[in-house]
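Take a look at the structure set out below.
The values are calculated or read from the model by the stated rules, or taken from the named source; none is laboratory data. In this text the structure is predicted, and so the values were computed from the model without any measurement. Every residue, glycine among them, receives a Cβ derived from its backbone with ideal geometry; neighbour counts consider all protein chains shown. Keep in mind that these areas ignore ligands, DNA and RNA; they rest on the heavy atoms of the full protein, side chains included. Shrake-Rupley method; radii C 1.70, N 1.55, O 1.52, S 1.80 Å.
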Amino acid sequence: MSKRSRWIVLPVLMGLTSAVLTGCGSGVGSSDGPRMVVGMSDDILATDPASGYDPGSWLLFNNVFQSLLSFPNGGTEPEPDAADKCSFTDSHSEVYRCTLKDGLHFSNGDPLTAEDVKFSFDRLRKIDDPAGPAVMFQSLQRVEAPDDKTVVFRLDTPDATFPSKIASGAGSIVDRHEYPANALRQDHTVIGSGPYTLDSFEKEQATFSVSDSYKGTAELKNSGITLKFFHGKRSALKTALVDGDVDIAYRGLSAQDIADLSRAKRDGISVVEGDSAEVQDLVFNMDDPAVGQLGVREAMVYLIDRNVLVDRVYKGTALPLYSIIPAGIIGHNTAFFDRYGEAPSRSKAAAALRADGITEKVKLTLWSTPTRYGPGTDDELNEIADQLNASGLFDARMKSVSFGQYEKDIAAGKYGVYVKGWLPDYPDPDNFTTPFFGTGNVLDNHFVNPTITQKLIPRTASEIRRSATSSDFEEIQNIVAARVPMLPLWQAKQYAVIRKDVSGYAYCLDSSTVFRFWELFKS
């Protein structure tokens, strides 16, 4: 597993419980309905799917490109999209075959064939852009196109999650006649076969229209989307929503803004919540003189109050998390809750320290970065330091540095405790375990457990029936809770803030992380 990963470009996504999810995409909208205006404070960093590996870019990819498979509304098991059918053809999850639908075309009229699919994956891996998702396909040995409708993926190691990977934005299919094989496209022209075309891409907004050539599973309920960018200016996004300049605000309002809008109960505005698999964790450097000691890590677990953390810092826009796999994902358990309990315990923390021969206050620096994982991250780490210090067992402080410096220092092993946020590439427990605990994991925390890396992860990777992996993933979670190389803090709630006439938003807010433009309509 490469060190590149989706937490590198992740702004935090939070939500607030304040409304029941209604208008679940089954209303009366149609493709001749009015154009919708969506606002977000994230940027789209790429329009070429060989480069983009951030939430904004994948929002674009999921709406203008097609993949062989896609995630259905509210579902976590991929289903055919550009493909008519796909399946593993061997018992070891190493050969995956797809047959394309008839009559597929790109937005420029070119037919979409198996050669385009092969080209797209070969190109992604050949370019191997540092800001791109090629890292997801390290198990892919080669792609074959024996005829116009058949694609065969040959893997060098078992990977039962491969269908989920190609259903993500990383599986976007491009026209081989329009994209260079060895380089990124330099303009913002997009040629895809998805439900929308990208008409324009400018600094302040992007415009999308319904594609006449689309043939897939999406049923469009509007005539187009205008996506307005607020470039991190959360207050401007809030003002645009209140003034009626956008129909729906997605990603980017602060927890305080969400809480204010909910309490104010402004006419014509609703705060709605959906599922999210986004998480945040404290990471422990196992080579650090202080937190390298199990007693110190256990004491921190006994003292940190997640409920106070999410209430004070995040205004209730997150849920306490007690394991590395979040709720809603196969195999989730509550390993940390079961082992350490919910309520803080100074006596148990002190006992854990004594068991390691520690009798003096433990001096710690908690490292943060101010914006990459959301505007509340520094406040969150300060709150944790206060909780540790209030016990009289720790002398902790928070330090925050720019993200570039943060990454360099983590790689150099300079930090003992640091924070990481994670938005999954696909809704499978593998994406919360292999990147963190597999060979060459992305955390740089020097934690190695042979039972996880040599037995459990390989076994789950070869199991096509994902529900059958639950016991192995539960064992991984229990090992992590016992050794504490990282401490799960919270699981986000995904949200949107909408004008009163907007419907269909529920199917834009599920754990697949796919924001489906086509579901939005005005009632």
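At-a-glance table
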| quantity | calculated |
| --- | --- |
| Carbon/sulfur fraction of accessible area - the chain, other protein chains in place, 1.4 Å, % | 46 |
| In Å², nearest 10: area of I44 left accessible to a 1.4 Å probe | 20 |
| Sum of -39500 (n - 2.57) over DSSP H runs of 4+, divided by residues of the chain (222 nm, nearest 500) | -7000 deg cm²/dmol |
| Estimated FRET transfer efficiency (R154, Q186; beta-carbon r; R0 25 Å; 0.05) | 0.20 |
| Formal net charge of residues neighbouring Y196 (Cβ-Cβ distance under 15 Å; K, R +1; D, E -1) | -2 |
| Charge dipole (debye, nearest 20) of the chain; +1 at Cβ of Lys and Arg, -1 at Cβ of Asp and Glu | 1040 |
| Debye, to nearest 20: dipole size of segment 77-159, +1 on Lys, Arg Cβ, -1 on Asp, Glu Cβ | 160 |
| Segment 100-245, relative contact order [Cα under 8 Å, separation at least 6], % | 23 |
| Euclidean distance of C-alpha centroids, segment 458-523 and segment 223-302, integer Å | 15 |
| Heavy-atom surface of segment 26-122, accessible at 1.4 Å and reported per residue (Å²) | 35 |
| Heavy atoms of E298: accessible area, 1.4 Å probe, square angstrom to 10 | 40 |
| Average accessible surface area per residue within segment 246-381, 1.4 Å rolling probe, Å² | 39 |
| Electrostatic dipole magnitude of segment 109-255 [Cβ: Lys, Arg +1; Asp, Glu -1; Cα centre; debye, to 20] | 540 |
| Formal net charge of residues neighbouring D395 (Cβ-Cβ distance under 11 Å; K, R +1; D, E -1) | +2 |
| Furthest towards positive pole of dipole, A351, P180, V296, structure part the chain, Cβ charges | A351 |
| FRET efficiency for Q454 and K126, using Cβ-Cβ distance with R0 set to 35 Å, rounded to 0.05 | 0.65 |
| Ranked order, T365, T217 - accessible area, probe 1.4 Å, largest first | T217, T365 |
| Heavy atoms of D501 accessible to a 1.4 Å probe, total area in Å² rounded to 10 | 60 |
| Net +/- balance of residues flanking P488 in space, Cβ distance below 10 Å, scoring K and R +1, D and E -1 | 0 |
